[in-house]
Amino acid sequence: MAVGVFDSGLGGLTVLDAVSKRLPDVPFVYLGDNKHAPYGVRDADDVYTLTCAATERLWDAGCDLVILACNTASAAALRRMQESWVPRDKRVLGVFVPLIEALTERQWGDNSPPREVAVQHVALFATPATVRSRAFQRELAFRAIGVDVEAQACGGLVDAIEDGDMILAEALVRSHVDALKRKMPNPQAAILGCTHYPLMQEIFQDALGPEVAVYSQANLVAESLADYLVRHPDMKGPGTESMFLTTGDAKRVSDHATQFLRRRIDFKAA
Ligand code: DGL
């Protein structure tokens, strides 16, 4: 009954950590496509092809349900995958909707018409591909009216995190927050729309100031997955073993993952 968790690299570990704490009896198979990270600078066709290949690998590992713990893949590829590629007995879910449901104060799966919500000025920090897709604004428009979103493409940040260069990563966060604030001086809420960014959450919060509510996805996705599995228990696939797979250098990826999660993580070649 394994569930697959996919990201272009290490960022999805923030989601993996939360889902495995929330659902300790479910085995999770994590796949990082580190060889091809970052996705955020690729075009939509490229992200689609890579995400389909990774999803198939997770199906082969016994995961009928795959979570794209990657906003770039969720934004650039998920809709196309769901519309024309995913077979009837498999599911692929993204990480956008739980976040937007939280921001717009909705219960899981509440499909009522869009309405006014408490927040009106929202900063979105994401990869260039996610910002370009406008998927966040599209999903938000289904649920809320009158929300002003200013998006900041955080070029370079995923590379710095993947390389473990946290000094560069901090400098980039501060300069991207400055750039955002020049466009929107007083955001009420900030969305960390890339699963790598929670690894820098304290720096984002510090740069934005204590009055800004910072939303990140890990716990929201964990709650929504728990709810989904109660409603769809048949979607736990036949896999029984938790494991970490990477298309990159398993030793290097294991060392960085261990540093980020502060517990030993051993990746195997995918
Ligand atoms: N963690 C991915 C996301 O949530 C990173 C994308 C990338 O590889 O650039 O968007």
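The values are calculated or read from the model by the stated rules, or taken from the named source; none is laboratory data. Predicted model, so just to flag it, every value in this text is computed and none were measured. As a convention, Cβ positions derive from the backbone with ideal geometry for all residues, glycine included, and neighbour counts pool all protein chains shown. Accessible surface areas use protein heavy atoms only, side chains included; no ligands, DNA or RNA. Shrake-Rupley method; radii C 1.70, N 1.55, O 1.52, S 1.80 Å.
Take Met243 and Arg138, extend 7 Å from each Cα along the Cα→Cβ direction, and tell me the distance between the two endpoints in nm.
If labels sit at Met243 and Arg138, their model points lie 3.5 nm apart.
Which ³J(HN,Hα) values, rounded to whole Hz and listed in residue order, are derived for the stretch 250-265 from phi using the Karplus coefficients 6.51, -1.76 and 1.60 in 6.51 cos²θ - 1.76 cosθ + 1.60 with θ = phi - 60°, glycine and proline given as x?
Result, rounded to whole Hz: 4, 5, 5, 5, 4, 5, 5, 5, 4, 5, 6, 8, 6, 8, 5, 10.
Report the relative contact order of the stretch 4-74, percent, no decimals, based on alpha-carbon pairs under 8 angstrom and at least 6 residues apart.
Numbers: 87 pairs, mean separation 33.3, N = 71.
Across the stretch 4-74, relative contact order equals 47 percent.
Enumerate the amide H contacts of Val214 below 5 Å, restricted to partners 5 or more residues apart or on another chain; note that Pro and chain-start residues carry no placed amide H.
Residues meeting the criterion, in which the H sits 1.01 Å from N, are Ala190.
222 nm [θ] for the chain, helices only, -39500 (n - 2.57) per DSSP H run of 4+, per residue, to 500?
When only DSSP H runs of four or more count, the value is -13000 deg cm²/dmol.
Relative to the present Cα-Cα distance, how much length would full extension add between Leu23 and Ile145 at 0.36 nm per residue of separation?
Length difference between fully extended and current span is 40.5 nm.
What are the semi-axes of the equivalent ellipsoid of the stretch 34-111, taken as the square roots of 5 times the eigenvalues of the Cα gyration tensor, listed largest first and rounded to whole Å?
22, 17, 11
Please enumerate, by chain and number, the lysines with C-alpha under 30 Å from the C-alpha of Lys236, excluding those fewer than 8 residues away in the same chain.
Qualifying lysines at Cα under 30 Å: Lys21, Lys35, Lys90, Lys251, Lys268.
Considering only protein heavy atoms and a probe of 1.4 Å, how much of the accessible area of the chain is carbon and sulfur, as a whole percent?
50
Under the classification rounded if a/c is under 1.5, otherwise prolate if a/b is larger than b/c and oblate if not, where does the chain fall, given a ≥ b ≥ c as square roots of the Cα gyration tensor eigenvalues?
oblate
Give me the percent relative contact order of the chain, please, defined on Cα pairs under 8 angstrom at least 6 residues apart.
Working: 532 pairs, mean separation 75.1, N = 270.
Contact order relative to length: 28 percent.
With +1 on the Cβ of every Lys and Arg and -1 on the Cβ of every Asp and Glu, and nothing else charged, how large is the dipole of the chain about its Cα centre, in debye rounded to the nearest 20? List each step's numbers first, then the result.
Details: 28 positive and 35 negative charges, 50 e Å.
With only Lys, Arg, Asp and Glu charged at Cβ, the dipole is about 240 debye.
Place a point 7 Å from the Cα of Glu202 along the Cα-to-Cβ direction; which residues of the stretch 121-154 have their backbone N under 12 Å from it?
No residue passes the distance filter.
Would you please report the Å³ per residue occupied by the convex hull of the alpha carbon atoms in the stretch 69-204?
It is 118 Å³ per residue.
Step through the residues of the stretch 23-37 one at a time and calculate ³J(HN,Hα) from phi using the Karplus curve (6.51 cos²θ - 1.76 cosθ + 1.60, θ = phi - 60°), rounding each to whole Hz and writing x for Gly and Pro.
Values, residue by residue: 10, x, 8, 8, x, 10, 10, 9, 10, x, 8, 4, 4, 10, 6 Hz.
So for the stretch 135-197, taking the charge dipole from beta-carbon charges (+1 Lys/Arg, -1 Asp/Glu), which of Ala169, Pro185, Gly156 sits furthest toward the positive end?
Result: Pro185.
Choose one answer from Asn111, Asn71, Asn219: the residue with the largest mean-square fluctuation in a GNM of the chain with alpha-carbon springs under 10 Å.
Between Asn111, Asn71, Asn219, it is Asn111 that shows the largest mean-square fluctuation.
Just tell me which aspartates and glutamates come within less than 17 Å, Cα to Cα, of Lys183; anything on the same chain fewer than 8 places away is out.
Correct list for Lys183: Asp148, Glu150.
For the stretch 157-270, just say rounded, prolate or oblate: build the C-alpha gyration tensor, square-root its eigenvalues into a ≥ b ≥ c, call rounded for a/c under 1.5, and beyond that prolate if a/b exceeds b/c, oblate if not.
oblate
Sorted by mean Cβ packing within 10 Å, highest first, what order do the peptides 94-100, 76-82, 20-26, 41-47 take?
Those peptides, ordered most packed to least, come out 94-100, 76-82, 41-47, 20-26.
Probe of 1.4 angstrom, ligands and nucleic acids ignored: what's the accessible area per residue over the chain, in square angstrom?
Counting only protein heavy atoms, the per-residue value for the chain is 43 Å².
Under 5 Å between amide H atoms, partner at least 5 residues away or on a different chain: which partners does Phe267 have, H built in plane at 1.01 Å?
Placed amide hydrogens put Ser254 under 5 Å from Phe267.
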